[in-house]
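K.L.:
Take this structure, written in structure tokens, and hold onto it; I'll ask about it next.
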Amino acid sequence: MSEGKGLSYSEAIEQAKGTLYRFPLIPVRGIPLMNHIANNWDSVWDFRPDPSDLLIATYPKAGTTWTQEIVDLLLHNGDAEACKRAPTPVRSPFLEIFSPPPIASGLDLLKNMDPPRMIKTHLPIQLVPPAFWENKCKVIYVARNAKDNLVSYYHFDCMNKTQPEPGPWDGYIRKFMQGELAWGSWYDHVKGYWKEREKKNILYLFYEDMKENPRREVERIMRYLELSVSDEVISRIVELTSFEKMKENPMANYSCIPAPVFDQSISLFMRKGEVGDWRNHFTPEQSKMFDEDYEEQMKKVNIPFRTRI
Ligand code: A3P
């Protein structure tokens, strides 16, 4: 298996070891992005997808990997072996990611793939390369309630040694509220795609809905992609994309990215996969402060987020 330039991720990370550290964030049109992304921004912005390409867009930790797995299985009629052909970031490249060489960038991987491709992004809608809209590509957006999203991001930033130092939990909550984490404000991100969803034919999904009734959401994705798979295959896809199954699947659990990038001895990528874990992290005071600010930041929209199911 080749992950670009003939090296697996582990081999490339091993070679790049001396150049890996917690990358600083540099604003691109006001959005803080890792310096390697900011330094290569023009090539991301100029990316031209094929009209058949699909974009899976999320704020980090909203359920991207889960959705990528569902889509891949739908495209392969539930064939589990076909979907183990490579790890998630190779099957579904991360559009804007750039790391020190020889780690393959998202654009490197995409260059070597034939459309239709399943492309991942965390970019807010205003930073999505315009050719996606010109070519009327399908776009699936997945949103997760702010509190669980924040908890998941905190654990991720502890274990992903190329993201900025998360610092203490209390300060992390404030950084999230102020839009200072990588990829910027969660509030602006979810609102940006929400406002455009009808005009741009974006399928807007919620993590909580996927947990509550995965079958219904898999069928929703199937219809959006204009696919038709049997009920039996849908059942198989629901089973194969359960948290437990994906946690054990080396092609979906990010064990392909070893320390010093993902140190899963600190926190697993497939960490908990639940709705409502925020209650184990927020104190009552933190929750109150967060909710008051949330009301303010979200007052002009009515996006039906749920913090429990
Ligand atoms: P937790 O940290 O709350 O466990 P992303 O793929 O966008 O980085 O999101 C990762 C989050 O989605 C993690 O949340 C991870 O456990 C969760 N996740 C991944 N696969 C899942 C699945 N099949 N079912 C439920 N949650 C899943």
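K.L.:
Between residues in the range 78-105 that are of a type in the set (Asp, Glu) and residues that are part of a strand (DSSP E or B), which pairs lie under 8 Å by C-beta distance while being six or more apart or on different chains?
P.N.:
If the second residue must be part of a strand (DSSP E or B), the pairs left are Glu96/Leu33; Glu96/Thr121.
K.L.:
Looking only at residues that are of a type in the set (Phe, Trp, Tyr) and surrounded by fewer than 19 Cβ atoms within 10 Å (Cβ to Cβ) in the range 189-211, which one is nearest to the ligand (Cβ to nearest atom)?
P.N.:
Filtering first and then ranking leaves Tyr204.
K.L.:
For Ile237, all conditions in the list (1) touching a Ser or Thr at 6+ places or on another chain (Cβ under 8 Å); (2) crowded, with 18+ Cβ neighbours inside 10 Å; (3) among the hydrophobic types (A, V, I, L, M, F, W, C) hold save one; what is the number of the exception?
P.N.:
If we test Ile237 against (1) touching a Ser or Thr at 6+ places or on another chain (Cβ under 8 Å); (2) crowded, with 18+ Cβ neighbours inside 10 Å; (3) among the hydrophobic types (A, V, I, L, M, F, W, C), just (1) comes out false.
K.L.:
Of the residues Ala62, Ala104, Ala57, only one is crowded, with 24+ Cβ neighbours inside 10 Å, in a loop (DSSP other than H, G, I, E, B) and under 11 Å from the mean Cα position of the chain (by Cα); which?
P.N.:
Within the list Ala62, Ala104, Ala57, the selection yields Ala62.
K.L.:
Might you check whether a residue that is surrounded by fewer than 18 Cβ atoms within 10 Å (Cβ to Cβ), touching a residue at least 60 places away in the same chain (Cβ under 8 Å) and within 14 Å of the ligand (Cβ to nearest atom) occurs anywhere in the range 212-233?
P.N.:
Scanning the range 212-233 turns up at least one residue that is surrounded by fewer than 18 Cβ atoms within 10 Å (Cβ to Cβ), touching a residue at least 60 places away in the same chain (Cβ under 8 Å) and within 14 Å of the ligand (Cβ to nearest atom).
K.L.:
Tally time: how many residues in the range 278-302 are surrounded by fewer than 16 Cβ atoms within 10 Å (Cβ to Cβ) and either modelled with pLDDT under 95 or of a type in the set (Asp, Glu) (or both)?
P.N.:
So the count comes out to 6.
K.L.:
When you scan the range 24-32, do you find a residue that is basic (Lys, Arg) and at pLDDT below 95, even just one?
P.N.:
No, every residue in the range 24-32 fails to be basic (Lys, Arg) and at pLDDT below 95.
K.L.:
Out of all the residues in the range 256-286, which are out of contact with any Phe, Trp or Tyr (no Cβ under 8 Å at 6 or more places or on another chain) and of a type in the set (S, T, N, Q)?
P.N.:
Selection gives Ser265, Asn280, Thr283, Gln286.
K.L.:
Then there's this: Can you go through Ser52, Ser43 and tell me which one is more than 16 Å from the ligand (Cβ to nearest atom) and part of a loop (DSSP other than H, G, I, E, B)?
P.N.:
Ser52
K.L.:
Are any of the residues in the range 243-250 within 19 Å of His76 (Cα to Cα), touching a residue at least 12 places away in the same chain (Cβ under 8 Å) and surrounded by 15 or more Cβ atoms within 10 Å (Cβ to Cβ)?
P.N.:
Yes, the range 243-250 contains at least one residue that is within 19 Å of His76 (Cα to Cα), touching a residue at least 12 places away in the same chain (Cβ under 8 Å) and surrounded by 15 or more Cβ atoms within 10 Å (Cβ to Cβ).
K.L.:
What are the residue pairs meeting all of these: first residue in the range 36-60, first residue closer than 10 Å to Asn135 by Cβ, second residue surrounded by fewer than 19 Cβ atoms within 10 Å (Cβ to Cβ) and hydrophobic (A, V, I, L, M, F, W, C), Cβ atoms under 8 Å, and 6 or more apart or on different chains?
P.N.:
Close Cβ pairs satisfying both conditions: Arg48/Ala131; Pro49/Ala131.
K.L.:
Please determine, by comparing only the residues of the range 128-153 that are surrounded by fewer than 21 Cβ atoms within 10 Å (Cβ to Cβ) and part of a helix (DSSP H, G or I), which one is farthest from the ligand (Cβ to nearest atom).
P.N.:
The extreme case among them is Glu134.
The values are calculated or read from the model by the stated rules, or taken from the named source; none is laboratory data. Because the structure is predicted, anything quoted here is derived from the model rather than measured. Cβ atoms come from the backbone with ideal geometry, glycine included; neighbour counts cover every protein chain shown.
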